[in-house]
Amino acid sequence: MSPDLTSRIRQVLKDHAHLETVVEALPTHADLYQAGMTSHASVNVMLALEGEFEIEFPDHMLKRSVFDSIASIGAAVGELQDG
């Protein structure tokens, strides 16, 4: 995952995930739900990611595991940008 992609995801999380910890300090594989993201906030994150990256998450990607870490979000975004 490129540093630019990671920083853009972190910015979306900072603006929309309402985490209890500093986003910049989270390891890329840290569980965002354990860091305080709610299911409601994850919907806001998904919508913000769609706007930021000009993508649309298909139904099969609308599950908790896709949004549970910066790494998993990056993998999903990368897949949607390539496909």
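Before moving on, here are some points about what is shown:
- The number of residues in segment 18-44 that are small (Gly, Ala, Ser) and more than 17 Å from VAL66 (Cβ to Cβ) comes to 2.
- Filter result for GLY36 (out of contact with any strand residue (DSSP E or B) (no Cβ under 6 Å at 6 or more places or on another chain) and surrounded by 17 or more Cβ atoms within 10 Å (Cβ to Cβ)): no
- Residues that are open to solvent by 80 Å² or more (accessible area, probe 1.4 Å) and either over 18 Å from GLY74 (Cα atoms) or touching a residue at least 60 places away in the same chain (Cβ under 8 Å) (or both) within segment 15-33 comprise HIS18, GLU20, VAL22, listed in sequence order.
- Meets criteria (outside any helix (DSSP H, G or I) and either open to solvent by less than 90 Å² (accessible area, probe 1.4 Å) or not small (Gly, Ala, Ser) (or both)) for LEU80: no
- Looking across HIS29, HIS60, one residue alone is outside any loop (DSSP other than H, G, I, E, B) and of a type outside the set (Asp, Glu). It is HIS60.
The values are calculated or read from the model by the stated rules, or taken from the named source; none is laboratory data. Since the model is a prediction, treat every value here as computed from it, not as a measurement. Using ideal geometry, Cβ is built from the backbone for each residue, glycine included, and neighbour counts are taken over all protein chains shown. Note: accessible area is taken over every heavy atom of the protein model, side chains too, but ligands, DNA and RNA are not part of it. Shrake-Rupley method; radii C 1.70, N 1.55, O 1.52, S 1.80 Å.
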